[in-house]
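The values are calculated or read from the model by the stated rules, or taken from the named source; none is laboratory data. Keep in mind that this is a model prediction, so the values were computed, not measured. For neighbour counting, all protein chains shown are included, and Cβ atoms are generated from backbone atoms with ideal geometry for every residue, glycine included. For accessibility, only protein heavy atoms count, side chains too; no ligands or nucleic acids. Shrake-Rupley method; radii C 1.70, N 1.55, O 1.52, S 1.80 Å.
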Amino acid sequence: MGNKLVIFTEEQFEDYQDCTFFTRKEILRVHKRFREVSPDLVPKSMTGREPVTVRVPLEKMEKLPELRENPFRQRICQVFSRDGKGNLTFEDFLDLLSVFSEQAPRDIKVFYAFKIYDFDGDHHIGPQDLEQSLRLLTHNELTPEEVAQVCEKVIEESDVDGDGKLSFMEFEHVITRAPDFLSTFHIRI
């Protein structure tokens, strides 16, 4: 009695439930997964500023079983990290898993998918972004000519306004027609 470890304050729990698609139980499970990545770095109790100050390095985050096999693991961590380098705080990790949860709505998933594919951060998916995506997806197994041909075809079929790159709306139009998007843009905790 009375020995129960307090991991988060009541206010933190309420904030996390308001800002994610998780229940208290799931938030505790996310904390457990985060702590398993780096038990030497992540404290058991995070009732102070630890959720926003303790950062687990990208190299450790990439080893998570949920990310390890994903060719976009580094980019995913970069998009969700406050430092932009892929080093994640607990709150960054919570956001990441919330967006990739089954409960997250399609429009949120599409928004973050766009950010992940927009490698240069110019708010468009251009030929260079597509090339980088293809290299990751194919493990550099395509020739430069094949990469160029695929990128050209994607832009030709998806670029409605003819500016040579995909806007968010053009990307959203393509993604919403992809039947397996929701099932592949998912990480189970």
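Is it the case that some residue within region 28-48 is touching an Asp or Glu at 6+ places or on another chain (Cβ under 7 Å) and under 29 Å from L136 (Cβ atoms)? The answer is no, given that none of the residues of region 28-48 is touching an Asp or Glu at 6+ places or on another chain (Cβ under 7 Å) and under 29 Å from L136 (Cβ atoms). Every condition in (1) surrounded by 18 or more Cβ atoms within 10 Å (Cβ to Cβ); (2) farther than 29 Å from K85 by Cβ is met by D180 except one, and the failing one is (1). So in region 79-101, with the set limited to residues that are out of contact with any strand residue (DSSP E or B) (no Cβ under 7 Å at 6 or more places or on another chain) and among the aromatic types (F, W, Y), which one is farthest from F114 (Cα to Cα)? The residue in question is F90.
Selection of first residues in region 70-96 that are among the acidic types (D, E) and of second residues that are assigned to a helix (DSSP H, G or I), restricted to Cβ pairs under 6 Å at least 6 apart or on distinct chains, gives the following pairs, ordered by first then second residue: E91/P51; E91/V52; D92/F80; D95/F80. Scanning region 52-81 for residues that are of a type in the set (S, T, N, Q), farther than 25 Å from V174 by Cβ and open to solvent by less than 50 Å² (accessible area, probe 1.4 Å) yields a single hit, S81. A Cβ distance below 9 Å, combined with a sequence gap of six or more or placement on separate chains, defines the contacts here; from region 163-189, residues that are more than 18 Å from H124 (Cβ to Cβ) and without any contact (Cβ under 8 Å) to a residue 60 or more places away in the chain reach residues that are open to solvent by 70 Å² or more (accessible area, probe 1.4 Å) and of a type in the set (V, I, T) in the pairs A178/T184. Consider region 6-30 and keep the residues that are closer than 27 Å to K109 by Cβ and aliphatic (A, V, I, L, M). The one that is most open to solvent (accessible area, probe 1.4 Å) is L28. Tally the residues that are open to solvent by 10 Å² or more (accessible area, probe 1.4 Å) and either of a type outside the set (G, A, S) or at negative phi (or both), restricting the search to region 82-96. So the answer is 6.
Annotation note: of R33, R49, the sole residue that is charged (D, E, K, R), surrounded by 14 or more Cβ atoms within 10 Å (Cβ to Cβ) and either more than 30 Å from R135 (Cβ to Cβ) or in contact (Cβ under 8 Å) with a residue 24 or more places away in the chain (or both) is R33. Taking the criterion of being modelled with pLDDT under 95, assigned to a helix (DSSP H, G or I) and among the hydrophobic types (A, V, I, L, M, F, W, C), the only residue of region 62-82 that qualifies is L67.
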